[in-house]
Amino acid sequence: MMNIIWALRLKVYYEMTPEQIIGHLAGTGGTAGAGDTLAGPAVSILEKSVDTYADWANWKYAKLLNPHEGGVVWKIDPRWIENAYKAGMYRRAERLFHANPLSELSLVAWFKIKQHECDIIRTVAEGIRLNVDADEAKKFAGITITEE
């Protein structure tokens, strides 16, 4: 998944070509194909248009895509996908932690939970350092804001 996110960042933010991106993916050694175990999923999305939702609608990870509204200009958001992936990973880790007490799996899940919490703390600390509004920092960290 990190290869996919990295490929999307290079494609969206730096407008790199697929050939340029392949050289920057983990495990490719500069060359990779769609059948490659580690980089294959990232290579398979390189030809998709970043501003055409129809290209992504049937993608394996379509549930992670930023929302699409009819009649509104849409562009894939790598940050949205990364946050959605991390939030899902966090929820799975929480379930596994409680479902498998006193096992090696609970230890791995505990580390994933702590890694997520550390990411949130870093985001909040950077928000404070940059004098970002608290609600905006929470939104960026992926913390949902509910009004009572």
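Structure notes:
- The length gained on full extension between Met1 and Met89, counted as 0.36 nm times the residue separation minus their Cα-Cα distance, comes to 30.6 nm.
- Whole-number D in µm² s⁻¹ for the range 52-112, Kirkwood Cα-pair radius fed into Stokes-Einstein, 20 °C, 1.002 mPa s: 159 µm²/s
- Protection proxy ranking, highest mean first, for peptides 3-12, 17-26, 101-110: 3-12, 17-26, 101-110, where packing is the per-residue count of other beta-carbon atoms within 10 Å, averaged.
- Cα gyration tensor of the range 2-76 - equivalent ellipsoid semi-axes, whole Å, descending: 23, 13, 9
- Length available on full extension from Asp119 to Leu105: 0.36 nm per residue minus the Cα-Cα distance, which gives 2.9 nm.
- Reducing the range 60-90 and the range 2-20 to their Cα centroids gives an inter-centroid distance of 16 Å.
- Helix axis angle, 2-13 relative to the chain longest principal axis, alpha carbon, degrees: 60 degrees
- Tensor-based shape of the range 79-141 (alpha-carbon gyration tensor, a/c under 1.5 rounded, otherwise prolate or oblate): prolate
- Taking Cα atoms only, the orientation of helix 104-129 departs from the longest principal axis of the chain by about 90 degrees.
- If the convex hull is drawn through the Cα atoms of the chain, its volume per residue in Å³: 174 Å³
- Computed from the C-beta positions of Asp77 and Leu130, the FRET efficiency with R₀ = 22 Å rounds to 0.60.
Here, each number is a calculation from the coordinates, and none is a lab measurement. Since the structure is predicted, the reported quantities are computational estimates derived from the model, not experimental observations. Note that each Cβ is placed from the backbone with ideal geometry, even for glycine, and that neighbours are counted across all protein chains shown.
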